[in-house]
Amino acid sequence: MKKKKILLVGGTRPNFMKVSPVYEALKKHRRFQPVLVHTGQHYDAEMSKVFFDDLKLPKPDIHLGVGSGTHAVQTGKIMERFEKVCIKDVPDLVIVVGDVNSTIACALVAAKICIPVAHVEAGLRSFDRTMPEEINRLLTDQISDYLFTTCPDADKNLLREGISRKKLFFVGNTMIDSLKRHLTAARATRSWQKLGLDNTNYGVMTLHRPSNVDNIAVLQRVMGAVSQVSQNLPIVFPVHPRTAKQYGNIHKHVFDSVQKKGILMVEPLGYLEFLGLMQNASLVLTDSGGIQEESTILGIPCLTLRNNTERPITIKQGTNILVGNDPEQIIKGAMRQLKKGKRRKRIPKYWDGKAAVRIAKILHSTFEHKR
Ligand code: UD1
């Protein structure tokens, strides 16, 4: 019997850990032929290749090599190149993950030429349309045929937006599939030790949202608050390329002085090294989406430097609190979280390492049904 060809798309750092378990589950399945497509939205070795190595993902079958650009340029380039791929060798399904420009670009291409689309991590909403990711999420969900969700909130959001219940599948969290699979290897990296840290007393920070880093005055205020926190707790800060771009602009004012305090700025870390670092941390400060989920599973107190989150389950059931980017709130929030300490919280339903297998089963049974 001919295998169903499925194009599985990734483009940015946080996509790869969502793609990896799905790729594995499809590859093992006798009915599927997964084809790995990398759009090239992220291209630096430490934003891309190291994740393929750490996650043991094979080299992409197709690389679109789009690189950076404005939203329209990047999205347009991905669409143009991905359409050629889809027309040349028509797949049975396109799977997109997350909420980045690569997600909406490839979903839109497939939907327009009537290739079914599956969206992994559908239905998350921050209700903040100033975030490019919110626009990507809303639009991708509207044109997808299979909406794989990580939590019941997401199902509710989708139903409210008029999406048919028949398209919704609550399967759990593929990012947590990757976390569970790689935790032991991550621990073995002893990345805290390589950075000269005491394994019981440090924090980790990541910062890359346009709302926090694109405006220098905002970034300086945030860094000022974090440097105060770092006087009591050394903080490792792997700097994302978007944030590093600002380095030249505020180098003398902020980055030099914070380094003298307790902030250790390093290049972006690989998946295993970062996970290894986060596992032992006393506090995580972030504006990322995935880290809010990972810290919930690890029981590490998380301070999200945003006013909203599309992942409210990490607050209700996990270790997360929102503090925005106001310096006073950041400092108060950090103290509050440190006082509470590490804790095991409720693990959200289906964040159990088996989400990708559920996805493969659902796809199999619906394909069989349609024969
Ligand atoms: C993108 C996603 C964001 C995700 C983040 C994770 C969108 C709209 N945003 O944001 O949701 O949380 O990835 O990292 O899709 N750059 C490099 N090397 C790289 C990649 C980027 O130097 O490998 C630099 C470029 O200067 C680029 C800038 O970083 O202009 C931003 O990259 P881009 O892909 O546009 O968005 P991110 O901020 O990474």
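The values are calculated or read from the model by the stated rules, or taken from the named source; none is laboratory data. Every value quoted in this text rests on a predicted model; they were computed, and no experiment measured them. No Cβ is skipped: glycine too gets one built from the backbone with ideal geometry, and neighbour counts run over all protein chains shown.
Can you name every residue in the range 125-149 that is within 16 Å of the ligand (Cβ to nearest atom), of a type outside the set (Lys, Arg) and touching a residue at least 60 places away in the same chain (Cβ under 8 Å)? Selection gives SER126, ASP128, THR130, MET131, PRO132, GLU133, GLU134.
Looking only at the range 290-312, decide whether some residue is small (Gly, Ala, Ser), under 18 Å from CYS151 (Cα atoms) and touching a residue at least 40 places away in the same chain (Cβ under 8 Å). Yes, that holds for at least one residue. For the range 192-205, the count of residues that are surrounded by fewer than 18 Cβ atoms within 10 Å (Cβ to Cβ), of a type in the set (Lys, Arg) and modelled with pLDDT of 95 or more is zero. Of everything in the range 1-59 that is within 12 Å of the ligand (Cβ to nearest atom) and of a type in the set (Gly, Ala, Ser), the residue that is farthest from LYS361 (Cα to Cα) is ALA45. For ARG160, the test of being among the basic types (Lys, Arg) and more than 16 Å from the ligand (Cβ to nearest atom) is passed. Filtering the range 206-244 to residues that are without any contact (Cβ under 8 Å) to a residue 40 or more places away in the chain, closer than 20 Å to ASP44 by Cβ and more than 13 Å from the ligand (Cβ to nearest atom) leaves only PHE237. In the set ARG129, ARG137, ARG125, only one residue is closer than 24 Å to ASN212 by Cα and over 17 Å from the mean Cα position of the chain (by Cα); that residue is ARG129. Inspection of the range 85-93 identifies no residue that is within 25 Å of GLU310 (Cα to Cα) and among the aliphatic types (A, V, I, L, M). Summed over the range 14-27, residues that are touching a residue at least 60 places away in the same chain (Cβ under 8 Å) and out of contact with any Leu (no Cβ under 8 Å at 6 or more places or on another chain) total 6. Listed by first and then second residue, the pairs linking a residue in the range 100-124 that is more than 16 Å from the ligand (Cβ to nearest atom) to a residue that is among the hydroxyl-bearing types (Ser, Thr, Tyr) and part of a strand (DSSP E or B), with Cβ atoms under 8 Å apart and 6 or more places separating them unless they lie on different chains, are PRO116/TYR146; VAL117/TYR146; ALA118/TYR146; GLY123/THR149.
Within the range 332-371, the residues that satisfy the criterion of being among the aromatic types (Phe, Trp, Tyr) and either modelled with pLDDT of 95 or more or in a loop (DSSP other than H, G, I, E, B) (or both) are TYR350, TRP351.
Within the range 67-99, being more than 16 Å from the ligand (Cβ to nearest atom) and within 21 Å of the chain's Cα centre (by Cα) holds for VAL94, ILE95.
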